[in-house]
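Asker: Please find one structure pasted underneath; my questions will follow.
The values are calculated or read from the model by the stated rules, or taken from the named source; none is laboratory data. Everything numeric here is computed off the predicted structure, so don't read it as measured data. Cβ placement follows ideal geometry from the backbone for every residue including glycine, while neighbour counts extend to all protein chains displayed.
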Amino acid sequence: MLKLETEISLYLERLKFIFLNKMIVVECIKDCDRINLFSENIGPFKRGRTYKLPFWKIKPFFERNYFKIQSKNEINSSLIQQFAENERDNTKLVKRQNNFFIEIKELKRLIKNKIENRIYPKEELIKFQLHLESLLHQRISKIEKLATSTPSIEIMGRLTDTEKILFEGFRSLIKDFKEFLLD
């Protein structure tokens with residue numbers, strides 16, 4: 001079992017690395033001079049303009065409230081609630097983008113930053129966490145059921161990259177358990 005835990009954590013770290021290098025479109029909230037980040041000059045940035053940069057480069061600017069995500073669906077508690085309700089109302093897994101949970105994890109960190117800077121109330125994080133746990137519970141239950149069967153390619157296509165790792169982990173554990181009992 002230790003081997004399985006190690007493999008899963010390595011895969012998840014790789015997925016997080018891929019996400020951190022994903023290009024994100026942001027809008028500058030306030031002017032910022034050029035800064036040196038790991039021997040690379042970044043900026044200057046002008047208020048109201050949009051920029052497309054890897055997530056890891058813009059993360060320090062998020063933390064200092066220089067940027068906001070340029071997206072129609074910025075992740076917040078009500079959007080997570082919609083995802084959870086949609087998942088609850090469907091018997092099959094709802095297709096999500098591959099980096100869905102990694103993105104949520106990083107954006108949760110940004111919400112915490114907004115709470116610290118008094119942009120969001122503390123209740124926003126509590127609601128966000130409750131809805132996220134509901135969503136996770138729904139999806140994990142469905143993945144657990146899938147692991148006991150042989151799902152179609154179409155059904156497997158509904159899993160995110162992180163969920164595929166979880167699915168393979170469940171499947172391996174179930175297989176080992178069955179072999180142990182049936183031998």
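For every residue, the table says whether it meets (1) crowded, with 16+ Cβ neighbours inside 10 Å; (2) outside the structural domain of residue 86 (by TED's automatic domain parsing); (3) at positive phi; (4) of a type in the set (Lys, Arg).
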{"residue": "116", "(1), (2), (3), (4)": "no, no, no, no"}
{"residue": "139", "(1), (2), (3), (4)": "yes, no, no, yes"}
{"residue": "152", "(1), (2), (3), (4)": "no, no, no, no"}
{"residue": "158", "(1), (2), (3), (4)": "yes, no, no, yes"}
{"residue": "166", "(1), (2), (3), (4)": "yes, no, no, no"}
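Asker: For region 48-68: of the residues being without any contact (Cβ under 8 Å) to a residue 40 or more places away in the chain and aromatic (Phe, Trp, Tyr), which is nearest to residue 32 (Cα to Cα)?
Answerer: 66
Asker: Looking only at region 33-56, filter to residues that are at pLDDT 85 or above and surrounded by 14 or more Cβ atoms within 10 Å (Cβ to Cβ); which one of those is nearest to residue 68 (Cα to Cα)?
Answerer: 51
Asker: Please determine, by comparing only the residues of region 12-32 that are over 15 Å from residue 103 (Cα atoms) and of a type in the set (A, V, I, L, M, F, W, C), which one is surrounded by the most Cβ atoms within 10 Å (Cβ to Cβ).
Answerer: Out of the qualifying residues, it is 28.
Asker: Another question, if that's okay. Regarding region 10-19, can at least one residue be identified that is within 25 Å of residue 165 (Cα to Cα), at pLDDT below 80 and of a type in the set (Lys, Arg)?
Answerer: Looking for residues that are within 25 Å of residue 165 (Cα to Cα), at pLDDT below 80 and of a type in the set (Lys, Arg), one finds at least one in region 10-19, hence yes.
Asker: Would you mind stating whether residue 102 is in contact with a Leu (Cβ under 6 Å, 6 or more places away or on another chain), within 19 Å of residue 26 (Cα to Cα) and either of a type outside the set (Asp, Glu) or not assigned by TED's automatic domain parsing to the domain that holds residue 24 (or both)?
Answerer: Yes: the conditions hold for residue 102.
Asker: Of these, 91, 6, which one is of a type in the set (Val, Ile, Thr) and at pLDDT 85 or above?
Answerer: When all the criteria are applied, what remains is 91.
Asker: Can you find even one residue in region 72-88 that is under 23 Å from residue 162 (Cα atoms), β-branched (Val, Ile, Thr) and modelled with pLDDT under 80?
Answerer: yes
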